[in-house]
Amino acid sequence: MILAETPRRKLVTQLVNWGHWFALLNIIIAVTIAAIYILNSPAPGSITGTFYLFTNWLSHIGFLTFFAFVILILPLCYLVPNAKAVKVLSSILAALGLALLAFDALLYNKYGVHLSLNSAELIRSETQTAIAQFGWQQWGFLLLLFVVWLSFQLIVANALWQRIDRLQKRKLGLPIGGFFVSCFVISHALHVWADAKLYQPIVQQDNMFPLSYPATAKTLMARYSLLDIEDYQQRKALQFNQTIKGIIYPAEPVYCSVDSSKKVLLLSIVKGELPSSIASLSNFEHHYLLESSIDNGITTVLFGLPELYHSALKSYSPLLLQLPRSMGLSVSVYLDNTSHPQLAPYQKDWQQFTREVFDASSNLSIGFVQAEKLDELLTENVLAQYQVIVTTLVEQNAFKNSLLSNITINKAMSSLEDIAPTALNLLGCAAQAKAYSTGDTLTQKGNLNYIVSTQGSKVLLLTNNQRIEIMKNGIVRVFDLNTGDEAFSQVDPNILSQGIKHLSRFSAKRSIKPL
């Protein structure tokens with residue numbers, strides 16, 4: 001009893017009690033800062049996913065903060081015999097820790113990565129760039145900001161110390177601890193279930209928070225026949241991340257020459273029906289329209305990339321337009337409305353666009369027109385001077401549509417992703433299409449014997465006689481390509497894996513600044 005009542009023992013008890021309240025306040029601050037991760041990530045899209053997000057957010061950030069308290073601040077309460085020194089040191093550690101969390105949140109917001117050895121090179125290069133641009137005003141502002149933040153921590157630490165006896169009477173430790181423990185158990189239990197089911201609204205959150213390692217139990221479940229591990233591994237291999245934080249476009253530098261004597265005319269119907277035939281143009285019947293809207297169709301024609309990447313392409317100029325223009329060729333685009341600012345330098349009004357086509361003064365003319373305009377544009381003189389491709393962005397026969405052209409098509413199947421590489425090839429550019437598109441040149445047989453693309457949240461893979469749809473959770477549905485009826489037949493998982501890998505070539509783990 002005498003030992004328990006010594007001043008040193010009493011001070012340690014007070015410091016430990018104070019430390020728990022100090023940790024709780026900083027948990028609240030850390031949880032608030034961590035809201036940045038949530039605001040800059042896609043919504044889960046389901047009630048279960050949102051509930052998991054809420055419990056994981058509170059429990060994971062709370063656990064990280066409390067763990068930092070246990071290993072950094074709690075030892076000070078026992079080792080440092082001065083309360084003022086403990087408060088000052090704890091405030092400095094808390095200020096630094098929360099600043100580090102805020103920096104990680106901003107890093108995730110901009111680049112989609114967390115502080116780690118893998119991101120060290122990125123951080124180093126960005127820091128060098130930032131330091132080179134900083135003047136004394138910026139350094140002064142950052143120093144002032146940290147001083148204010150540290151002062152806040154010191155004020156809070158002193159306020160809690162002065163009220164520690166009153167706070168201890170509230171007996172809130174057990175309910176608060178029980179709440180966070182419940183959130184922790186619930187979030188990890190939900191993740192075990194979601195991981196086994198490959199439930200995307202939860203699984204897609206795995207890398208949202210720093211130092212996040214959610215629980216899994218696949219081996220244990222398989223041991224008790226609660227999970228078919230082979231089926232799980234196949235479905236997981238077909239998982240595809242629909243959320244693109246960044247894009248590498250083009251995937252590699254494109255070097256090629258062009259022929260200034262070549263003339264290419266690309267026309268896409270945005271209203272009305274594509275005629276079954278046009279004089280001097282052959283009808284290629286194995287062409288497929290996979291885009292979910294006309295706007296997505298326009299973007300696919302210009303970039304040669306599927307819907308998956310469209311949101312990440314808003315700051316990029318299409319290589320189909322940029323490359324010929326940089327080599328001195330005349331490029332013109334007709335489009336009534338566009339939300340893509342990068343098209344402005346190439347856009348022409350209808351009179352100017354048609355005049356350049358009729359005069360053959362444009363090397364590459366791309367028009368998104370109504371079907372009734374085709375007769376006006378496709379005169380005998382135009383057909384004689386231009387290599388022409390006519391497609392439609394309006395669905396006519398489910399996925400299957402026609403493509404009209406006066407070039408020789410050697411591919412067995414085609415989609416809108418093939419238009420951009422075909423046009424550049426017709427202009428004389430011999431660069432590999434895989435550097436800037438998921439499509440291929442229509443005049444060549446191509447390396448793939450299938451078409452793979454995305455539509456909304458689905459991955460579509462078309463073979464000679466099947467349309468295969470891969471859902472977000474890895475479930476595969478097979479349809480007859482001609483009739484559209486569902487076919488309950490087996491598919492080669494190797495083809496599916498190859499197709500998904502083909503689609504993923506342009507995705508970046510961090511955002512890449514446009515050229």
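The values are calculated or read from the model by the stated rules, or taken from the named source; none is laboratory data. Predicted, not measured: the structure shown is a model, and the values here were computed from it. Cβ placement follows ideal geometry from the backbone for every residue including glycine, while neighbour counts extend to all protein chains displayed.
Summary table
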quantity	calculated
Residue that is modelled with pLDDT under 85 and closer than 18 Å to N26 by Cβ, where the choices are L72, L167	L167
Helices (runs of 4 or more DSSP H) lying entirely in the stretch 359-445 (those with 1 or more residues that are modelled with pLDDT of 90 or more and surrounded by 22 or more Cβ atoms within 10 Å (Cβ to Cβ))	419-426
Boolean, L58 is at pLDDT 90 or above and crowded, with 16+ Cβ neighbours inside 10 Å	yes
Any hit, the stretch 91-102, residues being in contact with a helix residue (DSSP H, G or I) (Cβ under 7 Å, 6 or more places away or on another chain) and at pLDDT below 85	no
Boolean, L58 is more than 22 Å from I164 (Cα to Cα) and out of contact with any strand residue (DSSP E or B) (no Cβ under 9 Å at 6 or more places or on another chain)	yes
Lone qualifier among A360, A433, A420 - being touching a helix residue (DSSP H, G or I) at 6+ places or on another chain (Cβ under 6 Å), of a type outside the set (S, T, N, Q) and over 26 Å from V254 (Cα atoms)	A360
Among (1) surrounded by 19 or more Cβ atoms within 10 Å (Cβ to Cβ); (2) out of contact with any helix residue (DSSP H, G or I) (no Cβ under 6 Å at 6 or more places or on another chain); (3) aliphatic (A, V, I, L, M); (4) within 23 Å of A215 (Cβ to Cβ) - the single one L24 does not satisfy	(4)
Filter pass, L79 being under 17 Å from R9 (Cα atoms) and either at pLDDT 90 or above or surrounded by fewer than 19 Cβ atoms within 10 Å (Cβ to Cβ) (or both)	yes
Where A344 falls short, out of the listed (1) among the small types (G, A, S); (2) touching a residue at least 24 places away in the same chain (Cβ under 8 Å); (3) not in a loop (DSSP other than H, G, I, E, B)	(2)
Members of the stretch 164-203 found to be among the hydroxyl-bearing types (S, T, Y), out of contact with any helix residue (DSSP H, G or I) (no Cβ under 6 Å at 6 or more places or on another chain) and in a helix (DSSP H, G or I), listed by number	S182
Residue match in the stretch 372-383 (condition: under 28 Å from P250 (Cα atoms) and assigned by TED's automatic domain parsing to the domain that holds S257)	no
The stretch 446-456, subset within 17 Å of Q498 (Cβ to Cβ) and either in contact (Cβ under 8 Å) with a residue 24 or more places away in the chain or among the basic types (K, R) (or both), residue surrounded by the most Cβ atoms within 10 Å (Cβ to Cβ)	I451
In the stretch 1-51, the residues that are under 38 Å from the mean Cα position of the chain (by Cα), in a helix (DSSP H, G or I), of a type in the set (A, V, I, L, M, F, W, C) and over 17 Å from L172 (Cβ atoms)	I29, A30, I33, A34, A35, I36, I38, L39, I47, F51
Qualifying residue in the stretch 62-82 (condition: in a helix (DSSP H, G or I), among the aromatic types (F, W, Y) and free of Cβ contacts under 8 Å to residues at least 40 places away in the same chain)	yes
